[in-house]
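Shown next, in structure tokens, is the structure this report addresses.
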Amino acid sequence: MSAVAAPLALSVWGELLEVILVGSISGIGLAIAFAFLVRGAAQSSGIRHGEREGSLVLNLALVAATGLICVGAVVFAVYEMING
Amino acid sequence: MSADVLLVIVVVSALAFDFTNGFHDTANVVATSISTRALPAKLAILIAAVLNFVGAFLSLEVAATIASGIVDSGEITLQIVFAGLVGAIFWNMLTWWLGLPSSSSHALIGGVVGAMLIANGPGAIIGEGLLGKVIVPAVAAPVLAFAVAGISILFIYRIVGRQRPGPVTRGFRLGQIASGSLLALAHGTNDAQKTMGIITLALVAHGSIGGTDPQVPFWVVISSASAIALGTYSGGWRIIRTMGSKIIKMDAAQGFAAQGSGAAVILAATHVGFPLSTTHVISGGVVGAGAAKRLSAVKWGVAGNMAIAWVLTIPAAGLTGGLAFEISDLAGGGTRGPIVVLVLIAILVAAFLRSQRVRTPPPLAEGTA
């Protein structure tokens, strides 16, 4: 138990830093991408129903791009689970 | 014959732990979806149970050792594994009774460390492993999830703030179904493997399978997957209520921020190979998503109780694991020891249930109210 006092291996701090970086970027990135997906979908629905003005094509493009990012994230997540 | 009985006891205890693991951790996956009405409660739990079952089959990279790198693997015996499981199950059931989310993995590690301390002394504990694999991640996980969920919800509100609330809420509810499903799959993959590892270890110690590069028998995979799925399906409602509504009253966007950020952080940790507790991540995410909107929205008393439970997990499970090992050892070890421990547990549980029944007042007879 005396080893508790020993300095923690540098690799642990390195891994922790990597988790903080990868986790922050992917977590916040995914939230932003999905928020834009929801915004694009809400706006295109409003335009289609004549409730608001704006470019339907641009909003659909936003939905497609952010949708691809989100689907890609899910596929990558399942791949990570299988091959971890 | 004696070794066969001990093997059966350890296998049944491992499956019981697996059941409590699923039962206890259901809240991590479904609480936010239920509280924001992304899914009806029964459907959310059914989906979580099925995905936990499927997740158990996704990967079979079983470490074949429990508490690897934390205790001296060469000193682990079936007695120690049994005592460790008793400690972990005790802590899981106690925290469930109190409605507090806590890490099942830490409970198992605590139980094994406690039993190992009594059996072989402090020399068998790898201090650096305990610090690097348990304590540092236990502090880092909730803080990281808190920050990521907090920043995420601020971005989300900024991006969708001026949209009509109806479609936005529907969108985030759909997002919650996807992120919750990912969490359930990840939970099945990670946590069912702990049980598979324990049973495989027991089979190696028993001599049923070879020690060099042991393969997990299919019945072990099926039984572990079924136990965690059944546990999840049973649903630990007390913890679901705490996670879903007692910490913060959340909207769909907050639920998505907590769950989506949590899933991203857990998968980032899996990618790097850094062990993080699902419970710590999701709880930190829920508090972060609430605090970013308004600090006073978080019931800090409940969050504080959770933090106390996390700090106590390893010592309490360790104390119980150590006590179980000591009783088992005093009773003569072998097969007799664990049987004596099981009988004692049965007596204590019966006494507890009886005291609960006595305390519950009888219903008023009709017409007397």
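Quick note: the coordinates plus some simple rules give every number you see, no bench work behind them. Quantities reported herein were computed from a predicted structural model and do not represent experimental measurements. Cβ atoms come from the backbone with ideal geometry, glycine included; neighbour counts cover every protein chain shown.
Figures for the structure shown
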quantity: Hits among lysines - C-alpha to C-alpha of B:Lys194 under 24 Å, sequence gap 8 or more where chains match; calculated: B:Lys133
quantity: For the range A:39-81, the spread of Cα positions along each principal axis, largest first, Å; calculated: 44, 13, 10
quantity: Cα-based Rg of the range B:177-310 normalised by 2.2 N^0.38 Å, two decimals; calculated: 1.27
quantity: Sequence ranges B:305-315, B:27-37, B:231-241, B:13-23, ranked by mean other-Cβ count within 10 angstrom, highest first; calculated: B:27-37, B:13-23, B:231-241, B:305-315
quantity: Mean Kyte hydropathy of 0.0 or more with a Cα span along the axis of at least 27 Å, helices from DSSP in chain B; calculated: B:2-35, B:78-98, B:136-160, B:165-206, B:252-272, B:300-330, B:336-359
quantity: Length added when fully stretched, B:Arg164-B:Ser355, from 0.36 nm per residue minus Cα-Cα; calculated: 63.4 nm
quantity: Cα→Cβ-extended label distance, 7 Å offset, between B:Arg37 and B:Ser296, nm; calculated: 2.6 nm
quantity: Equivalent-ellipsoid semi-axes of chain B, from the Cα gyration tensor, Å, largest first; calculated: 36, 24, 19
quantity: Spherically averaged projected area of the range B:104-242 from its Cα convex hull (nm²); calculated: 12.5 nm²
quantity: Shape of the range B:63-141, Cα gyration tensor, a/c cut at 1.5; calculated: oblate
quantity: Neighbour net charge for B:Ile177 - beta-carbon separation under 15 angstrom, K R +1, D E -1; calculated: +4
quantity: Amide proton proximity set for B:Val71, modelled H, under 5 Å, gap of 5+; calculated: B:Ile126
quantity: Dimensions (Å) - the protein assembly as shown, Cα atoms, principal axes, largest first; calculated: 81, 70, 42
quantity: Two-site label geometry, B:Gln215 and A:Ser55: point separation in nm, points 7 Å out along Cα→Cβ; calculated: 5.9 nm
quantity: Measure of compaction for chain A (Cα Rg per 2.2 N^0.38 Å); calculated: 1.74
quantity: Under 19 Å from the Cα of B:Lys293 - lysines, other chains or at least 8 residues apart; calculated: B:Lys246, B:Lys249
quantity: Chain B: relative contact order as a whole-number percent, Cα under 8 Å and 6+ apart; calculated: 35 percent
